[in-house]
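To keep things clear, I will list the structure first and then write my remarks on it.
The values are calculated or read from the model by the stated rules, or taken from the named source; none is laboratory data. Keep in mind it's a predicted model, so treat the numbers as computed, not measured. Cβ atoms come from the backbone with ideal geometry, glycine included; neighbour counts cover every protein chain shown. The accessibility values were calculated without ligands, DNA or RNA, using every heavy atom of the protein model including side chains. Shrake-Rupley method; radii C 1.70, N 1.55, O 1.52, S 1.80 Å.
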Amino acid sequence: MSVTLLAVQTLNGLQLGILLFLIAAGLTLVFGVMDFINLAHGVQYMLGAYLAVACYQLTGSFWLAVILALAAALICGLLLEFLVFRHLYNRDHLDQVLATFGVILFLNEAVKVLWGGAPLSLPVPELLDGSIQLMANFAYPVFRIALIVTGLAVAVLLYVLVTKTRIGMLVRAGATNPDMVAALGINIRRLFMLVFGFGAMLAGFAGIMAAPILSVEPGMGDNLLILAFVVIVIGGIGSIRGAFLAALIIGLVDTLGRSFATDIARVLLPPAAANDVGPAIASMLIYILMAGVLFFRPSGLFPVRSA
Amino acid sequence: MTGPFFKNTVLPIALFAALALVPAYADVFDDRFVLLFFTRILVFAIVAISLDFILGLGAMVSFGHAAYIGFGAYAVAILSEHDIWDAWISFPLAMAAGGLFALVTGAISLKTRGVYFIMITLAFGQMAYFTATSLSAYGGDDGLTMWGRSELFGTGLFTGDASFYYLVFGVLAGAYLLLRTFAASRFGRVLKGAKQSEPRLEAMGIDPYRYRLAAYVIAGMIASVAGALMANQAEFVSPAYMSWHRSGELIVMVILGGLGSLHGAILGTIAFMVLEEVLSGYSEHWRLVFGPLLILVVLYGRGGLMGLISGQIGRKSRGEADQ
Amino acid sequence: MTAPVLELKDLNKAYDALQVTRNLSLEVFPGEIHAVIGPNGAGKTTLIGQISGATPSDSGKVLFGGTNVSGWSVAERAKAGLGRTFQITAILPEFTVLENVALGVQAHEGHSFRFFRNAARDQGLNEKAASILADVGLADRARLRAGNLSHGEKRMLELALALACEPKLLILDEPMAGTGPEETARLIELLLAVKARCPMLLVEHDMDAVFQLADRISVLVYGEIIASGTPEEIRADPRVREAYLGEEVPA
């Protein structure tokens, strides 16, 4: 266990946390404001990645691909909203879970049909290629740093949007008491669409940024979706601040846990057992964390809903 | 002819009668595939009715129910690795393992509500899944093949195609009758009442928690028995038995049939698996059709198949209450 | 002086900066109907919550039958004999009217961990339930789906459910809310008949009903009881007039 490894994995954990935040932010807003459980948010992320690859193959430019893919992801999100989701706002959570599960099945398969089942990749742009020396024998890829920085910038932007603008105030009000906001005459439909579209874009953006470093394949959104749900449950449904904190915690716990769990297990158990127990505990860590948080704070760390 | 008597008595009898005839059909038409296919369907049906018991009756949306299949299956498989094949050892053990897991996870999960409950049951299901993938001695991610089937006092009950089918059918019938009795009992009444208005039940002096926990454990134990049967049917176990996709599919089976009637869940399972089989015969991309189909069912098929049968699509009937 | 069935001692409850219940003390004696009235926003819902156990008080005591139940849950208090009706009807809409009350009877008996006997055919439960339904005048509605009842009938069922648990005290949360004149009259008749076997804390807006039913009235304004006494005393009290400025107090 060297300091370099610790440093690398900490940065990796932050990076995962940022990705999780981008996905979770849209998820918690949609859930908070519209009381809508969107299991299909993970495929939103996957679409972003695939669209980025497709746009790159079309244009040959990374930067153009990002802009085009972002627009395309937004359109896809709004299309889904129009076709499926808007019919589910008044349904109970079980119906929402099932219908969005159907969307997952469909889109995971559609992506396989359009692009095949083999993993795709997106090359890192020249500007962000290579690594920089952070410490003595510690070099970290530039792109990953850019990801972290961009993610933090988006987080700040979101914070400003939500707390300092009128729209943001409406969103926060909607998350606390949607009926009241509708009763006050605000066009709740349009607010919903706005929130949804923005959330879809964030998830798509996460997918675009993840494409160069993770493999783009069908079902890539599924595991991150579960993690994102754990994030918003821990953070408190409807709370962006909670999502940010919880995402970073989960990203760090999961990454560091996976790196060091086996080593820690070896201290306590014989090597053969440790090799089994280590990864198992690592996978379970975040769920244990979630169960623990829910035990003490049943509504998460920063609950927003009044009722 | 769609009144409660038809729905609650004639229909299930007809259903079970039809299912009892499958081996005869397979014999006459020399169709082994149908027999094996329906054996598999019935095993899933057992899990489905256990889920309908807590979900349909008690409104507990468990997104981790597939974990119990794993408990039962792995109990049988692991014991077989150590050369223990007796069903009267492995099956009770499977039930005990599943029941204990249900007791512990249920005690924690049932303190939560709504989406938190869904999430925490999902989390526990994932924990079971990841534990199974880490059991390298028992196959880990790749799963474990069983070199034979369980034995019951030296009879070939588990090995013969038809006899195994009847075994599974018997377990399904038994579980169905048991759960149906529970549902009609005072205990079931509390569950159904709590689903409609928890404040009212508390004001009557009943804390629904204990009743829900009991139901949750019962469901877990029944699903574990199904898991033990599944291990025998496939002669193979793997962590995939416990994936959250599988838990989602189970919920779909229950919903497809219409919540709460138990035999509806059996119908839903049959419909789901037949559909899956037919569609995948046409194309490996059958999910392209299945996904939207599921969405349509959710949006427009309120009440599932049972709702269709009673002519209740979209609306609750007036006048006489159900059951 | 007989001992009070319900005694509230110096209850306090605040939500952040807002003090909703302030040093509230109140008693309900056997055989009486004690009404609590007050303008909107006075804190009646929070008060009921603190008595029933749904809302924990910041300080103060709730004594039921002489026992301090301040830490008890809603179900525990209900089992001890504290019954209530809800302002927004909380019946079980999917069950029949009879089954609703039968569940109440079953809950009071305390044997609900029974798995094998068919509950719907339980003669004992059904007979008791039928007699309670007869008391409230819903006998002919027994087999109907409860969700299909009219609003007034649902209020009756609410009362039947509360009575099924043989309460030692009944908290009535605006039972007249939304009922027409005929149904109101029926309810008043019913409550007067029940008074003998069970004292009541009646929270209500309908002044006519209050003055017909109440033995004593307490007036709740901004979380405090500003006046308490017989209906005549309350009618004559200038502070009460002031609190209800603009609202009609029957002369």
Under the Karplus relation with 6.51, -1.76 and 1.60 and θ = phi - 60°, whole-Hz ³J(HN,Hα) for segment C:195-203, x at Gly and Pro, equal 3, 4, 8, 7, x, 9, 9, 9, 9
Checked the protein assembly as shown with the C-alpha gyration tensor, a ≥ b ≥ c its square-rooted eigenvalues, rounded below a/c of 1.5, otherwise prolate if a/b is larger than b/c and oblate if not; verdict oblate
Could you sort A:D276, C:D10 by their accessible area in this structure, using a 1.4 Å probe and putting the largest first? C:D10, A:D276
With +1 on the Cβ of every Lys and Arg and -1 on the Cβ of every Asp and Glu, the dipole magnitude of the protein assembly as shown about its Cα centre, in debye rounded to the nearest 20, is 720
Dipole size in debye (nearest 20) for segment C:47-191 around its Cα centre, Lys and Arg Cβ +1, Asp and Glu Cβ -1? 380
Please report the spacing between the Cα centers of segment A:29-78 and segment B:123-154 in Å, no decimals. 38
Amide H neighbours of C:R84 under 5 Å, at least 5 residues apart or on other chains, H built in the peptide plane: list them. C:I171
Can you compute 3J(HN,Hα) from phi for each residue in segment C:4-12, using the Karplus curve 6.51 cos²θ - 1.76 cosθ + 1.60 with θ = phi - 60°, rounded to whole Hz and x for Gly and Pro? x, 6, 10, 10, 10, 10, 6, 6, 10
Using a/c under 1.5 as the rounded threshold, could you call segment C:1-159 rounded, prolate or oblate? The axes a ≥ b ≥ c are square roots of the C-alpha gyration tensor eigenvalues, and prolate needs a/b larger than b/c, oblate otherwise. prolate
Going by the alpha-carbon gyration tensor, a ≥ b ≥ c the square roots of its eigenvalues, is segment B:111-172 rounded (a/c under 1.5) or, if a/c is not under 1.5, prolate (a/b greater than b/c) versus oblate? oblate
On the full set of protein chains, 1.4 Å probe, figure out the accessible area of C:H205 and give it in Å² to the nearest 10. 70
Under-5 Å amide H pairs with C:V36, H placed in peptide plane, nonlocal only: C:L202, C:V203, C:E204, C:S218
Please go through the residue pairs B:K195/C:K154; C:K9/C:K168; B:K111/C:K154; C:K61/C:K195; C:K13/C:K154; C:K13/C:K61 and name each one whose alpha carbons sit more than 22 Å apart in this structure. B:K111/C:K154; C:K61/C:K195; C:K13/C:K154
DSSP bridge pairs, chain C: antiparallel proportion in percent, nearest 5: 55
For the interface of B with A, what's the total buried accessible surface in square angstrom, probe 1.4 angstrom, rounded to the nearest hundred? 3700
Ordering C:F29, C:F113, A:F36 from largest to smallest accessible area (1.4 angstrom probe), what's the sequence? C:F113, C:F29, A:F36
Based solely on its DSSP helices, what 222 nm [θ] is calculated for chain C when runs of n ≥ 4 H residues each add -39,500 (n - 2.57) and the sum is averaged over all residues, nearest 500 deg cm²/dmol? -10500 deg cm²/dmol
Just tell me which aspartates and glutamates come within less than 14 Å, Cα to Cα, of B:K7; anything on the same chain fewer than 8 places away is out. B:E320, B:D322
Between A:G238 and residues 5 or more places away or on another chain, the pairs with built amide H atoms under 5 Å apart involve A:G32
Can you give the helix-only mean residue ellipticity at 222 nm for chain B, where every DSSP H stretch with n ≥ 4 adds -39500 (n - 2.57) and the sum goes over all residues, rounded to the nearest 500 deg cm²/dmol? -22500 deg cm²/dmol
In Å², rounded to a whole number, the accessible area per residue of the protein assembly as shown with probe 1.4 Å is 41
At the nearest 100 Å², what buried accessible area, both sides summed, do you get for C and B when the probe is 1.4 Å? 3200
Largest first, what is the accessible-area ranking of A:W63, B:W88, B:W244 with a 1.4 Å probe? B:W88, A:W63, B:W244
In chain C, carbon and sulfur make up what percent of the accessible area (probe 1.4 Å)? 51
Explain nothing, just the number: dipole magnitude of segment B:158-224 about its Cα centre with +1 on each Lys and Arg Cβ and -1 on each Asp and Glu Cβ, in debye rounded to the nearest 20. 280
Please give the average number of partner chain Cβ atoms lying within 10 Å of the Cβ of each residue in A:283-291, rounded to a whole number. 5
What residues in segment C:65-86 lose 50 Å² or more of accessible surface when the other protein chains are added to their chain alone (1.4 Å probe)? C:A75, C:F86
Residue by residue through segment B:213-218, what is 3J(HN,Hα) from phi via Karplus (6.51 cos²θ - 1.76 cosθ + 1.60, θ = phi - 60°)? Round to whole Hz and write x for glycine and proline. 4, 4, 4, 4, 5, 4
Within segment B:91-187, list the trypsin sites (Lys or Arg not before Pro) lying in a DSSP loop whose Cβ has at most 12 other Cβ atoms in a 10 Å radius. B:R113
May I ask what percent, to the nearest 5, of DSSP beta bridges between residues of the protein assembly as shown are antiparallel? 65
Picking from B:M119, B:G98, B:A184, whose Cα lies most toward the positive end of the charge dipole for segment B:83-200 (charges on Cβ: Lys, Arg +1; Asp, Glu -1)? B:A184
